[in-house]
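Computed from the coordinates by the stated procedures, all read-outs in this text should not be read as laboratory data. If you're wondering where the values come from, they're calculated on a predicted model, not measured in any experiment. In this analysis, Cβ positions are derived from the backbone assuming ideal geometry, glycine residues included, and neighbour counts consider all displayed protein chains.
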Amino acid sequence: GRSAASYKAAAGKALTFLNDLCGELSIDAGKQLLVIPGNHDYYTQGLNIFGTQSKLRPEFDAVFAPYRQSTFYPGLGVVVFCVDSNRGSLPLDFATGHVTRGELLKIPRFIQQIKEDEPLYPSYIPAWKIALMHHHPLPIPEAEKTSVVDGVMRKFLVLDNASTVLETFTKHGID
């Protein structure tokens, strides 16, 4: 397996690549790059079937935490809510997503921060509000038609608490 130090180094190389790419595209990575982890970003040391906490999550967070923050782009009229849909541990259902209560509570906290910035808040109201996350909140019909997905694999494609997540998004006006 890969050590935590080598994983952190690899994540650093990935960040360098993303920063270079942003530079080539004249994108300010410090303000416009957002990174959301997928289940493979936390669980790259093989099959973790005993549900233990990922040892790589802290390394991922150490490198990418500044790029995982919900962000309001008033000039574009867009708010992006960054939502981690990975489990804290990897149970036997492998890649099934789950958004924790703590993660969902970040949404109203971020909205409150914007409300407290009185000159900024009026431009928040009409802005598009987008959730950025790895796992699907709803089934994808075309994907469900493949033989690989039928039966056993179907449940892996959707958040196991999708109704709670969608209710939270609706409550807070996320498009």
- [ ] Enumerate the amide H contacts of Val158 below 5 Å, restricted to partners 5 or more residues apart or on another chain; note that Pro and chain-start residues carry no placed amide H.
- [x] Gly97
Open item on the list: Amide H of Arg68 versus every other amide H placed in the peptide plane: which residues, excluding those fewer than 5 positions away on the same chain, fall under 5 Å?
Closed with: Val35
Task: Rough spin-label spacing in nm, given labels placed 7 Å along Cα→Cβ, for Ala62 and Phe17 - done: 2.0 nm
Task: Amide H within-cut-off set for Tyr73, under 5 Å, with H built and near neighbours excluded - done: Val78, Val79, Val80
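What FRET efficiency would be calculated for the residue pair Ser6, Arg101, taking the C-beta separation as r and a Förster radius of 41 Å, to the nearest 0.05?
0.80
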Task: Label point distance in nm, Leu25-Tyr73, each placed 7 Å from Cα along Cα→Cβ - done: 1.0 nm
Open item on the list: What distance in nm lies between label points placed 7 Å from Cα along the C-beta direction at Leu138 and Arg109?
Closed with: 2.9 nm
Open item on the list: Please list 3J(HN,Hα) in residue order for the stretch 64-81, calculated via the Karplus relation 6.51 cos²θ - 1.76 cosθ + 1.60 where θ = phi - 60°; whole Hz, with x for glycine and proline.
Closed with: 9, 3, x, 9, 10, 8, 4, 9, 10, 10, x, x, 9, x, 9, 10, 10, 9
Task: Greater than 19 Å apart at Cα, pairs in Lys8/Lys31; Lys31/Lys129; Lys106/Lys129 - done: Lys8/Lys31
